[in-house]
1. With no solvent and one point on each alpha carbon, what is the Debye value of log10 I(q)/I(0) for the stretch 1-143 at q = 0.09, 0.11, 0.16, 0.21 Å⁻¹?
2. Is the shape of the stretch 290-335 rounded, prolate or oblate, going by the alpha carbon gyration tensor and its root eigenvalues a ≥ b ≥ c, with a/c under 1.5 for rounded and a/b larger than b/c for prolate?
3. Which distance in Å, rounded to a whole number, links the C-alpha centroids of the stretch 246-304 and the stretch 349-424?
4. Taking only protein heavy atoms and a 1.4 Å probe, what accessible area per residue, in Å², does the chain have with all protein chains in place?
5. What is the dipole size for the chain, taken about its Cα centre, with +1 at each Lys and Arg Cβ and -1 at each Asp and Glu Cβ, in debye to the nearest 20?
6. Taking the alpha-carbon distance from K47 and a cut-off under 16 Å, which aspartates and glutamates remain once sequence neighbours fewer than 8 residues away in the same chain are dropped?
7. Could you sort 63-72, 14-23, 166-175 so that the peptide with the highest average Cβ count within 10 Å comes first and the rest follow in order?
8. Net charge around N282, counting only other residues with Cβ within less than 12 Å of its Cβ (Lys, Arg = +1; Asp, Glu = -1)?
Amino acid sequence: MKPVKVGLLGLGTVGTGVVRIIEGHHEDLQSQVGSPISIHKILVRDKSKGRSIAVDPAKLTDDPWEIVRDPEIDVLVEVMGGISGTKEIILEALERGKHIVTANKDLMALHGPELLAKAHEKGCDILYEASVAGGIPIIRTLIEGFSSDRITKIMGIVNGTTNYILTKMSQEGAAYEDVLKEAQTLGYAESDPTSDVEGLDAARKMTILATIGFRANIALEDVDVKGISAVSQQDIWYAKSLGYVVKLLGIAERQDDYISVSVQPTFVKQSHPIAAVNGVYNAVYVHGEAVGETMFYGPGAGQMPTAISVVADLVAVIKNWKLGVNGRQASISYKEKKLKSDRQIASKYFMLLHVEDRAGVLMQIAQVFSECDVSIESVMQPPTPNRKGAELIIITHEASKESMNHVLKAFGSLSTVQQIQSMYRVEG
Ligand code: NAP
Ligand code: HSE
């Protein structure tokens, strides 16, 4: 039986897992696809580097074009990361009729539509299950499982690193920098962890999920992004005492065909199922008009969970190949993109204000909310004996983003408001 020959681009955290799964599960994989799977060549940056698995040194190369141009290679598995150089390699491989499996959300969020169109033109598959939420098969679920429904909301904890950090800060009172270092050591964080903590990694994943879920080409620029670097222990403490947890949530919503997508630290009601998702675990909550509420949960990063999704895509490519249907995926984004304006985006909000502690201040604050058409759900002013001034905790009823921007502007010019310490969206 002729083996399917794979060119593996990258032998880092994920690439090593891919080798482990292909070698360790070879009998099961062969039974499913009807051919052995053989890793023919492996791209690395440094051929002399020590590896945690034994690989035949003759298979290693530091020249991507050696793999792309090898006529014997049928499928490229891209787990090297990177954007423009990687895109060039993948386009050339597609041009040569090779199928692609990738875990690269940066690439798919920025150039997905172009790469998918090229794959379609060349009769090739490009599958990217591992690019979002590591070990959770959410892309296949959205494309196939929800093909007959109309999705109205996708809400996800899609970055393992930030969920790990927020969980440790919340449960153990750990310091942000210490936990970030731990996440890096464990292989969860990106090579530049700024993209994790500033929300960009999650925004890229939400771009992919919203495009698939709402069947419209959402661009990264359409996502409103805020990371977790400003979340303080005080915010976490207030969240807890009010019955919430702080999570970095990606929220994609559709109403009357108008879409909004954001990534932001959010106060999530402790009773909401997504509030219980801790550590490096990810979850994606999907609401469909017909199905109602669903949630998918699992490890969002790490070697073996991510490798499982990569190799599952490889299996799908080979099965398609045997059936002669590569490159025949139906279009996933056939709808016109219409984005919500700030007036159409609505939510409840939490606000922590430092204000002067004297008669009439609370009335001024309430006046601003009233003038901006924002209704207050609850107000709390805990005693603060050790500081000059008062702390005001406000939770609003549902208000538009536009109205909240007016509130922020008005507070900015109110001398009695010393500082707007934090403001978070509230869910659940
Ligand atoms: P990694 O540990 O940094 O590994 C990258 C691998 O690619 C290394 O083997 C490196 O070679 C090789 N490489 C990178 N650039 C290269 C270049 N220009 N030329 C030749 N070789 C190059 O990365 P990773 O964590 O496995 O992530 C890989 C991809 O999967 C990324 O797109 C990432 O976003 C995605 N992903 C990762 C996870 C996760 O949990 N880590 C989860 C989901 C998706 P050397 O070994 O010689 O340095
Ligand atoms: N850095 C990413 C995370 C890896 O923490 O979720 C998985 O994409």
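The values are calculated or read from the model by the stated rules, or taken from the named source; none is laboratory data. Since we're looking at a predicted model, the values are computed, not measured. Here the Cβ is made from the backbone with ideal geometry for all residues, glycine too, and neighbour counts use every protein chain on show. With ligands, DNA and RNA removed, areas are computed over all heavy atoms of the protein, side chains included. Shrake-Rupley method; radii C 1.70, N 1.55, O 1.52, S 1.80 Å.
1. Rounded to two decimals, the profile gives -0.26, -0.39, -0.87, -1.51.
2. On the way: a/c = 2.53, a/b = 1.13, b/c = 2.24.
Since a/c reaches 1.5 but b/c is at least a/b, the shape of the stretch 290-335 is classed as oblate.
3. 28
4. 43
5. Details: 44 positive and 52 negative charges, 68 e Å.
Taking the Cα centre of the chain as origin, the dipole is about 320 debye.
6. Leaving aside aspartates and glutamates fewer than 8 places away in the same chain, those within reach of K47 are D56, D62, D63, E66.
7. Numbers: 63-72: 14.9, 14-23: 22.5, 166-175: 16.5.
Those peptides, ordered most packed to least, come out 14-23, 166-175, 63-72.
8. Numbers: positive: K205, K247; negative: D201.
Result for the neighbourhood of N282: +1.
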